[in-house]
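Data first, discussion second: the structure below is written as structure tokens.
The values are calculated or read from the model by the stated rules, or taken from the named source; none is laboratory data. These numbers come from a predicted model, not from an experiment. Methodologically, a virtual Cβ is constructed for each residue, glycine included, from the backbone with ideal geometry; neighbour enumeration extends over all protein chains shown.
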Amino acid sequence: MIPARALLTFILPVVVFSNEIAFDGLNVSTDTKNPVLRNTINSELVDRSATRLEPVYPNIWLADLFYQSLVGFSVTDVGSSACRLQSKLYLSHLKNNSYWAVKMSDSWPRYLNGLLIGNTHHIGVYDECISVHQPIQGKYCMSTIELQTSTNENFTQYSKDEYASFDNAWQEILGFIDYGDRYKRNVINLGVCIPEACSSADLEVSLQRELDRIFLSHQLKAQVKVKPDLCNTNKHFFPYDTGYYVTCGFFGLLILIVSFSTTYHLVALRNGRENQPSQNLEVLNMFSVIKNGNDLIKYNKDNELNIFNGLVSIQMMSIVIGHGRLIGINHPRLYPKPVEEIHQDTHNNLVLSFNNAIDSFIFISGYLLYMTTINKLRKPGCDWFQITKIIIYKYLKSLPVHVTMIILTIFIVPHMGNGPFWANQMGVEANQCKKYWWTNLLVINNFVDGEKQCLYAGYFISLQLQLMVIGIMVVYIYGKNRKIGNVIIALLITVSLIIPFAITYYSKSEGITKFNISFSLNLFQSSSSASYHFTYLYSRFYVRGLPFYIGLLAGDIVEVLKKKQVKMSKTTTFITTLVAFGLYIYVQLYSNVFFKRHRDYNAIESSIYSSLNHLNTPLLYMWIAICHTTSSYGFLEKLLNNRFTSLLHKLSYSLYQVNITVILMIIFSARASEVSSTQILVIKSIYIIFTVYIAAVVLHFLVDAPFGLLINRVIFGRRPSTKSKEN
């Protein structure tokens, strides 16, 4: 247990200073606090708040200003000679209502709607634009337009959380404050169809010039940006290079090997020769879908750890749904109000509270590591060489699927879809992996900044392996001397409580990583790190190790209870578990206070919650482990301990590796805005879960299962088992 002095040292600052730390807005970055838009004023006007005058708004609505700018817009007098020639040809044919020219003009909007409600994407018809081939090729470009005032008036001082019917609509645009729970009203994404010879820079210059002509006369400034990878034709944006063909050849060969191995196994079954396989074909047999399928559905109902495998399988499904929700925020929405209301409702909102969902996986990793290795490490012949062997095995076992996803992300995935957003997002993913794949292989990618992350979920693999190295050494010490092991666990838990507290306090960060609308948009729409908190307080082992160490401690406690044969009644088990779960939910829901607007920042509060937040889940799971050992949960155990959950658990690693990539492919292949109704969201969630599991099954049979057997064979000399047909 944690020494009393360590606990006193940790708690004393909380008691003494809890009411003395005030919010200092000058020291808080916009990554971690509710940010206020910077003053973007360029000229000189008297501050109206000082003179008590009402703000002066443009007398023409924004949609009308856009219409005046866009109704006759085309890329003219810029760019190369080819661009100028094609633009003149387009305009001349447009005047004559030529079919191809009108298709280009008809494919993008001029009068924008939904500006007040947060309809930020005005896409038009992407496929109509790129379907034009003769006499020129249509090119679809998505531009980003940020609205500002061209005066020095700060409209944010007049902003309200809710506007009355007769308030000026311009205030919602000019006074927009990014609290993180709404789509930006002052940023508009507009799709435009231009001739192929014209570049994104040509469109940016022409559109900026045209918007300045109309907007500046109304004291408005529209800043235009057009990324090159947001301009697409029907031609392939990504080149079919050598890497693509080599990767296709490798996976084609792998499919052939799996097919041949499965066919050979099937013939052996029919001829009754399954139990006498040729030694030369032993490796080939490892790739058999029949063999790996039998291993997948194999189930040992007497395994006392099955309940935790069941918890992992169910929670993995919730992780997929959570990733779908987080990434889905980037999907253009015709009416985003329902999504905004979810993030604005800070009262008993479970969606906002589960910002530490992976703590359960980290705890279970530590608990299972202790329970499965302690007896092996107690054997007289076990030494540090055996520990090194286990670490190497765990590392190699994680590589095949992880390397496969890196290779697919770089060479294959970019070619598997298209759309107005596809090249931009998948290009970022591919480029990051091209540059920083080595950080994943060296298991240090969770120590690099967000813009250098290869695979968004890759940090967790490194986090797990780093904690596993620490954990296996701690378990070895436990096996040799339990008292020393308890001292080390106490020190690790104490340090894991103090470090997040210190980092949060000195960086003036929030107590949680807020997975809100702004976080998701910044994470998936830019190449920069989305959040200081995510980079330094979410992904590194020294701030996320607490659940793992408590998992190791839980393993030791359970082992002692087994030896003493301690038993609890089912009534006591259910009542105490309900109380523990109630306390767990209370602490989880407390995190919602950090999502409230206009709430004063308290450094001590945030720092304490940053530490205790990761103590909440493992304490609940430790009690579940104790109750499971000393009693029974009855029907709940049957729900978690069955053949189906066992099967899902064996797919969990492949599922985790592939889920974000599949979700990205679904979300960023969008061609139109969607309506956020409950029915559509449910149907989409079901589709995402089904698609992700299909991809995980394929990845399991092609890579995870066969290469796992090969690694077992190389490291431990284990041969694939040859069971009879009955087994």
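It is to be established whether one or more residues within the stretch 607-617 are more than 27 Å from ILE498 (Cβ to Cβ) and buried (at least 18 other Cβ atoms within 10 Å of the Cβ).
Restricting attention to the stretch 607-617, the residues satisfying the condition of being more than 27 Å from ILE498 (Cβ to Cβ) are none.
No, there is no match, as no residue in the stretch 607-617 is more than 27 Å from ILE498 (Cβ to Cβ) and buried (at least 18 other Cβ atoms within 10 Å of the Cβ).
The single condition among (1) more than 23 Å from the chain's Cα centre (by Cα); (2) among the aromatic types (Phe, Trp, Tyr); (3) closer than 30 Å to GLY458 by Cβ that TYR601 does not satisfy is (3).
Let's see how each residue does on (1) assigned to a loop (DSSP other than H, G, I, E, B); (2) crowded, with 16+ Cβ neighbours inside 10 Å; (3) out of contact with any Phe, Trp or Tyr (no Cβ under 8 Å at 6 or more places or on another chain):
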residue: LYS483; (1), (2), (3): no, no, yes
residue: ALA502; (1), (2), (3): no, no, yes
residue: SER509; (1), (2), (3): yes, yes, no
residue: VAL560; (1), (2), (3): no, no, yes
residue: THR571; (1), (2), (3): no, no, yes
residue: ILE575; (1), (2), (3): no, no, yes
residue: ILE585; (1), (2), (3): no, no, yes
residue: SER591; (1), (2), (3): no, yes, no
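For the stretch 614-655, a residue qualifies if it is over 25 Å from the mean Cα position of the chain (by Cα) and outside any helix (DSSP H, G or I), and the qualifying residues are SER631, SER632, TYR633, GLY634, ASN641, ASN642.
Within 23 Å of the chain's Cα centre (by Cα), in the same structural domain as LEU296 (by TED's automatic domain parsing) and either without any contact (Cβ under 8 Å) to a residue 12 or more places away in the chain or part of a helix (DSSP H, G or I) (or both), is that true of SER611? Spell out how you get there, then give the answer.
Numbers: within 23 Å of the chain's Cα centre (by Cα): yes; in the same structural domain as LEU296 (by TED's automatic domain parsing): yes; either without any contact (Cβ under 8 Å) to a residue 12 or more places away in the chain or part of a helix (DSSP H, G or I) (or both): yes.
Criteria met by SER611.
State yes or no: is PHE287 part of a loop (DSSP other than H, G, I, E, B), buried (at least 17 other Cβ atoms within 10 Å of the Cβ) and not hydroxyl-bearing (Ser, Thr, Tyr)?
On the way: part of a loop (DSSP other than H, G, I, E, B): yes; buried (at least 17 other Cβ atoms within 10 Å of the Cβ): yes; not hydroxyl-bearing (Ser, Thr, Tyr): yes.
So PHE287 fits the description; yes.
Of the residues LEU284, LEU296, only one is modelled with pLDDT under 90 and not acidic (Asp, Glu); which?
On the way: LEU296 fails: modelled with pLDDT under 90.
Only one candidate qualifies: LEU284.
Can you find, within the stretch 366-411, the residue that is nearest to LEU702 (Cα to Cα) among those that are in contact (Cβ under 8 Å) with a residue 40 or more places away in the chain and part of a loop (DSSP other than H, G, I, E, B)? So, considering only residues that are in contact (Cβ under 8 Å) with a residue 40 or more places away in the chain and part of a loop (DSSP other than H, G, I, E, B), the one nearest to LEU702 (Cα to Cα) is CYS382. Within the stretch 492-521, how many residues turn out to be farther than 30 Å from ILE327 by Cβ and touching a residue at least 60 places away in the same chain (Cβ under 8 Å)? Number of matching residues: 7.
Of all residue pairs spaced 6 or more apart or on separate chains, those with beta-carbon atoms under 6 Å, a first member in the stretch 80-99 that is over 13 Å from ILE194 (Cβ atoms) and a second member that is surrounded by 14 or more Cβ atoms within 10 Å (Cβ to Cβ) and modelled with pLDDT of 95 or more are HIS93/ALA101. Here LEU612 passes the criteria (1) modelled with pLDDT of 90 or more; (2) closer than 30 Å to ASP178 by Cβ except the one numbered (1). Might you let me know whether the stretch 459-481 holds any residue that is over 28 Å from TYR653 (Cα atoms), basic (Lys, Arg) and assigned to a helix (DSSP H, G or I)? Yes, that holds for at least one residue. Can you find a residue that is in contact (Cβ under 8 Å) with a residue 60 or more places away in the chain, surrounded by 14 or more Cβ atoms within 10 Å (Cβ to Cβ) and under 26 Å from VAL697 (Cα atoms) anywhere in the stretch 228-244? Yes, that holds for at least one residue. PHE363 meets the conditions (1) closer than 30 Å to GLU559 by Cβ; (2) touching a strand residue (DSSP E or B) at 6+ places or on another chain (Cβ under 7 Å) in every case but one. The failed one is (2).
Among the residues of the stretch 426-435, what is the count of those that are over 18 Å from the mean Cα position of the chain (by Cα) and crowded, with 21+ Cβ neighbours inside 10 Å?
Going residue by residue through the stretch 426-435, those that are over 18 Å from the mean Cα position of the chain (by Cα) are 434-435.
Pick out the ones that are also crowded, with 21+ Cβ neighbours inside 10 Å and you get none.
Count: 0.
Just name the residue that is surrounded by the fewest Cβ atoms within 10 Å (Cβ to Cβ) out of those in the stretch 670-727 that are charged (D, E, K, R) and at pLDDT below 85. Spell out how you get there, then give the answer.
Applying the first criterion (charged (D, E, K, R)) to the stretch 670-727 yields 671, 674, 684, 704, 713, 718-719, 723, 725-726.
From the residues that got through so far, the ones that are at pLDDT below 85 too are 713, 718-719, 723, 725-726.
Values: ARG713: 15, ARG718: 11, ARG719: 15, LYS723: 13, LYS725: 9, GLU726: 4.
It comes out as GLU726.
Checking TYR536, TYR532, TYR542 one by one, the residue that is modelled with pLDDT of 85 or more, in the same structural domain as ILE663 (by TED's automatic domain parsing) and not hydrophobic (A, V, I, L, M, F, W, C) is TYR542 and no other.
Hey, can you tell me all the residues within the stretch 311-339 that are under 10 Å from the mean Cα position of the chain (by Cα) and small (Gly, Ala, Ser)? Before the answer, list the steps.
In the first step, residues of the stretch 311-339 are kept if they are under 10 Å from the mean Cα position of the chain (by Cα); the result is 319-320, 322-327.
The answer is GLY322, GLY324.
Against the numbered list (1) farther than 30 Å from MET665 by Cβ; (2) touching a helix residue (DSSP H, G or I) at 6+ places or on another chain (Cβ under 8 Å), ASN445 comes up short only at (1).
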